Structures are given as structure tokens and as C-alpha cells.
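Enquirer: First the structure, then my questions, so here it is.
The values are calculated or read from the model by the stated rules, or taken from the named source; none is laboratory data. A quick note: this is a predicted structure, and the numbers were derived from the prediction, not measured. FYI the Cβ positions are ideal-geometry reconstructions off the backbone, even for glycines, and counts take in every protein chain you see.
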Amino acid sequence: MRFIPNLLAAALALSSVQAMAAADLVLFNGKVFTAEPGQALVQAVAVQDGKILKVGSNAEINALADAGTQRIDLAGKVLMPGMIDTHSHPIVGAFDNMKANLLDEVKPLPVLEQWLIEEDKAGRARAGDVISVAGVSSAYWEKSRELGKVFNQGRWADQPIVFSGIDGHTGWANNAMLKRLNIDAALVKSLPEKDRGYVGHEQDFTPNGYFAESRWDVVRSGIPAPSPETMLKAAREAVRVNNQYGITAWMDAAANGGSEDSLFDFKATTESVGVLPLYKELAQNGELSAHVAALMVTNPKSRPADLEVIATVMKQFEGVPNLTFPGIKVFTDGILEFPGQTAAVIVPFKNSHKNGQLLIDPAHFGELVVAAEKRGWIVHMHAVGDRAVRESLNGVAYARKLNPTPVPHSIAHLQLVNPKEFARFKQLGVIASMQLLWATGETYTVELVKPYISAFAYGYQYPARSLHDAGAVIAGGSDWP
């Protein structure tokens, strides 16, 4: 009687192999890291219709190949799943790399001036008739007056110049650029106190060239936009660079924001398509060799009804291969570094005695999270200061209490996190999207931060280990550029 069960087992095994015998691609003779807990390296993997069919030994996987299967001999090399960048601006990053870019290097001002002359001669510094430099370190901003002494006179007196901060939140412009934008002492004086705090100025309100957040947006939008051809080239380069490093998927953290849009006081319209047409063109040409999750920037003060405009834009790009729309991105605060200090902090900054800028309204933010969940969207929150982190979590807590869902919201950056929040990430199912490249002792975390915030808060800067120990899921993000 044992014969019949054994025969049945053999038949089932044969039918199972036959059912899986249509692998489009097999990669064999390698060291395959599956990322499955407890599973050792395997030799081979089979792919069918773009999805993993099976992993196993060379014999197991080669048995799934037929005459039409593409076979790749890995020759002992390592194969691993593609990496996912959970917070990036890759097309902007690639575009910045195509022009004059300081790449965060701090040069003495005489050296900086000579470098700029050489970049201009090489044809890399111009955006229209404006000299535009990317990747500028925040360490320059406390030298705004010194920058003015160099770039507001001589050969530069009538030449508009803009230095764009590598943080994306700040920048500096010379007097020729300010004149073009009609930014003067009278304008600065007329601004509401909050907006005036985003403009570096003297006691008589004369601007010194430094700008942050929404006022930086005004300057940035005055830089002539690149041509569509240039941006398509940047999009191709963005894909190439990511693929080169093994990144096969990313969340574009401001996909609907264009060069002329105010990202920090964003007013979405049906025309707010940002870089989405570029992704669409790449996909149509078969060049989008990555999965792009496009997050749509939404005004921090948005109400539930405002999401309909976002949904309309998403619908314009529905069905584009490798392009999906997981949800919205909300700025809850700004940056921590001096002189910006626009991050929302619990204990006031020592120098200004202010608590930074909380961009969301705590009384209503939870309603926006609920509205996003009803559409099946995640909310991805920019939160740098500890108060911004707390209020972001409070918004999710409000939504979870009303309608518990498995929607995996996420908070990016997390430079300061109060220990009271550590356990809340797991409790609320919020992913910590962290840029751990920043978690080092350098200018951005020491000189521009430590003298200005409480010692207690400083002790919990980028607390990835503490969050992980409390059960939080940590996701990696580059925030390129």
C-alpha cells in the first residue's frame, strides 16, 4: 500500500515543477542573498513575469528553465534584492550634478570666487543670465555679510547670483538678484513677523542675502527654469545613478513640485505636475528601470477637501508603468541648523528664545491624516524638531483612534526625537525614514546645532538605535541631493 502514496507524491512533485517550468529568467551559480530571516545564501533564482518565482540550488532552479528561458551565469558573484530609497529627490539631484555644484564643500571666500569664475567659463554656472550654484553648505550662511562683500561689487555688481543650499530649505542671493526680484528693506519690513524670520536682514531691514523656507522659494523661483530637454537628461541620469548603486525603487518626496512652485507654502492645482511628466516619458520609452512611488506635496494646512486636487493630478498619470502614488508628503517644520532654526522644538532655541516654526495645525492635522487614509494613502511627514515629531505622531494617533488601519505612515529625518516618542512609532505603526548618513559629528550636527538647543534634546539627535530598540521599523532614505 506504500506504493500508491509514494506514486502520488512523485506525481505531485512532477506537476509542481511543470507548473513552474516557465521561468523567463534564471540566474545561477551565484551567492544569492534573499533577505529572508534565517535563510542562508542560495545559489540561484528564477524569475517569471518580473517576479521572483523560486530561489534554491542550481539544480532546482535550472529545472525551471526551458528553451525560451534567458540564463545568466553569475560566476560566483553576489545577487541581492534591489534597495529601496524611502526619501529622495533624484531628478533634482541629477540636475544639480549637471551644473556648478559645491557638493557641500566649504571653500575660503577668495577660493570660492575663483572657483565660480572657472565654473562660469566652463559653461556650468548659468541658468539663463543668472549664475546659479547648487550644493552650498549651510556653514556659509553665517557669513552672509562676507558673501555680500565679495559678490555685490566689482565684476559681480550687476550679475545676479544665487547660491542654493544643499539642504533645499535655504539659500543666498546677491544684490543684483534681489533687485530683479524687488526684494528690499521696505518689502522685508512689510512682511509678517513669521515670514520676516525667513529673511536675513540688518536692523534697518536691509536684506543680507540669506533666505529660508517660503521666502527662499521666492528667490528659487526667480532662477530661469531649465529646458524640458535638460530635465529629461537629468531624469535619465537619476535612473542611471540609482541603478548603479543597486537602488531599484524609491519614493520621490516631492514629485508634483516644480521649479517655480513654493514647496514650503505649496498650493496644489491640477497643473502642479512637477517631475511626473518626466517619469511618464521615461516609462513610455522603456527607460524607467525602477519602481517610483511618487509622493504628492500637500500644504501643511490642507483640509480634507483639498485632497481632491491631488487625486485629480494622480489620475492624469494613472497606469504609467513603474509609477505609483502611495500618498502625500507634508512639511511639518523646517531645519534645525543656525541661522535657519525653522525646526519646531519643544525647548526654545537658546539664541532666539523661539520654538521654530510648526507648519501644521495640531487641532486639524489628524483630520487630514484620516482623509488620506480613507483614500488608501499614506502620509509621509517631514519632521526635524522634537515638537514636529510629537505633533506628527499625534496626528496619526488621532486617525488610529477613529479608524484603526494598517496604513504605514512614515516620518522622515527625525533629527531630534524626545524619548517619550520612541515607543509610539511601534504603537502607531509609523515607519521611521531616516537619513543616517547625517548621523555623524560634523558642522551640521555640532557647530550649527549644539550651542543653540538644550543639552537634553541634543542627546537624542538621530536616535536610530533607541527607536529600533523600542520596536520602530527603520527605513533608509538618502534625501538626495
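Enquirer: Can you tell me which condition T342 does not meet? The list is (1) of a type in the set (S, T, N, Q); (2) closer than 19 Å to G477 by Cβ; (3) buried (at least 24 other Cβ atoms within 10 Å of the Cβ), and all the others hold.
Expert: Checking T342 against (1) of a type in the set (S, T, N, Q); (2) closer than 19 Å to G477 by Cβ; (3) buried (at least 24 other Cβ atoms within 10 Å of the Cβ), the one that fails is (2).
Enquirer: Residues of the range 139-164 being surrounded by 22 or more Cβ atoms within 10 Å (Cβ to Cβ) and among the small types (G, A, S), which ones?
Expert: Scanning the range 139-164 gives a single hit, S164.
Enquirer: Let me ask you something else. Which condition from (1) surrounded by 15 or more Cβ atoms within 10 Å (Cβ to Cβ); (2) touching a residue at least 60 places away in the same chain (Cβ under 8 Å); (3) not assigned by TED's automatic domain parsing to the domain that holds W438 is the one that I247 breaks?
Expert: I247 satisfies every listed condition except (3).
Enquirer: Are any of the residues in the range 275-291 among the small types (G, A, S), in the same structural domain as V379 (by TED's automatic domain parsing) and within 20 Å of the chain's Cα centre (by Cα)?
Expert: There is at least one residue in the range 275-291 that is among the small types (G, A, S), in the same structural domain as V379 (by TED's automatic domain parsing) and within 20 Å of the chain's Cα centre (by Cα).
Enquirer: Could you tell me which numbered condition T405 fails, if it satisfies all but one of (1) in contact with an Asp or Glu (Cβ under 8 Å, 6 or more places away or on another chain); (2) modelled with pLDDT of 95 or more; (3) among the hydroxyl-bearing types (S, T, Y)?
Expert: Of (1) in contact with an Asp or Glu (Cβ under 8 Å, 6 or more places away or on another chain); (2) modelled with pLDDT of 95 or more; (3) among the hydroxyl-bearing types (S, T, Y), only one is false for T405: (2).
Enquirer: Would you confirm, using the coordinates I've provided, whether S289 is surrounded by fewer than 15 Cβ atoms within 10 Å (Cβ to Cβ) and touching a helix residue (DSSP H, G or I) at 6+ places or on another chain (Cβ under 8 Å)?
Expert: Against the criterion (surrounded by fewer than 15 Cβ atoms within 10 Å (Cβ to Cβ) and touching a helix residue (DSSP H, G or I) at 6+ places or on another chain (Cβ under 8 Å)), S289 qualifies.
Enquirer: Specify which of the listed residues (D129, D167, D120) is among the charged types (D, E, K, R) and surrounded by 19 or more Cβ atoms within 10 Å (Cβ to Cβ).
Expert: D167
Enquirer: Kindly check whether there is at least one residue in the range 420-443 that is in contact with a Pro (Cβ under 8 Å, 6 or more places away or on another chain) and part of a loop (DSSP other than H, G, I, E, B).
Expert: Yes.
Enquirer: Counting only residues that are among the hydrophobic types (A, V, I, L, M, F, W, C), give me the helices (runs of 4 or more DSSP H) lying completely in the range 165-207 with at least 3 of them.
Expert: 175-180, 185-190
Enquirer: Name the one entry in G366, G356, G334, G395 that is outside any strand (DSSP E or B) and on the phi > 0 side of the Ramachandran plot.
Expert: One residue alone meets the criteria, G356.
Enquirer: Let me ask something additional. Just checking, does the range 459-476 include any residue being on the phi > 0 side of the Ramachandran plot and either of a type outside the set (S, T, N, Q) or at pLDDT below 95 (or both)?
Expert: Scanning the range 459-476, I find at least one residue that is on the phi > 0 side of the Ramachandran plot and either of a type outside the set (S, T, N, Q) or at pLDDT below 95 (or both), so the answer is yes.
Enquirer: Go through the range 91-101 and give me each residue that's in contact (Cβ under 8 Å) with a residue 40 or more places away in the chain, crowded, with 18+ Cβ neighbours inside 10 Å and hydrophobic (A, V, I, L, M, F, W, C).
Expert: Selection gives I91, V92, A94, F95.
Enquirer: If K401 meets every condition in (1) without any contact (Cβ under 8 Å) to a residue 60 or more places away in the chain; (2) buried (at least 16 other Cβ atoms within 10 Å of the Cβ); (3) of a type in the set (D, E, K, R) apart from one, which number is that one?
Expert: Going through (1) without any contact (Cβ under 8 Å) to a residue 60 or more places away in the chain; (2) buried (at least 16 other Cβ atoms within 10 Å of the Cβ); (3) of a type in the set (D, E, K, R) one by one, K401 breaks only (2).
Enquirer: Would you tally the residues in the range 414-443 being among the aromatic types (F, W, Y) and either within 23 Å of G395 (Cβ to Cβ) or surrounded by 19 or more Cβ atoms within 10 Å (Cβ to Cβ) (or both)?
Expert: Here the count works out to 2.
Enquirer: Look through W141, W115 and report the one residue that is of a type in the set (A, V, I, L, M, F, W, C), in contact (Cβ under 8 Å) with a residue 40 or more places away in the chain and not in a loop (DSSP other than H, G, I, E, B).
Expert: Every option except W141 fails the conditions.
Enquirer: Which of the residues belonging to the range 357-397 are over 22 Å from P304 (Cα atoms) and either touching a Leu at 6+ places or on another chain (Cβ under 8 Å) or surrounded by fewer than 21 Cβ atoms within 10 Å (Cβ to Cβ) (or both)?
Expert: Within the range 357-397, V384, G385, D386, R387 qualify.
Enquirer: When you scan the range 165-177, how many residues do you find that are at negative phi, out of contact with any Phe, Trp or Tyr (no Cβ under 7 Å at 6 or more places or on another chain) and touching a residue at least 60 places away in the same chain (Cβ under 8 Å)?
Expert: The qualifying residues number 2.
Enquirer: When you go through G356, G385, G334 one by one, which is the residue that is of a type outside the set (V, I, T), closer than 23 Å to F422 by Cα and touching a Lys or Arg at 6+ places or on another chain (Cβ under 9 Å)?
Expert: When all the criteria are applied, what remains is G356.
Enquirer: Report the residue count in the range 444-467 for those that are within 21 Å of the chain's Cα centre (by Cα) and surrounded by fewer than 19 Cβ atoms within 10 Å (Cβ to Cβ).
Expert: Total satisfying the criteria: 2.
Enquirer: Among the numbered criteria (1) surrounded by 22 or more Cβ atoms within 10 Å (Cβ to Cβ); (2) without any contact (Cβ under 8 Å) to a residue 12 or more places away in the chain; (3) not hydrophobic (A, V, I, L, M, F, W, C), which one does S227 miss?
Expert: (1)
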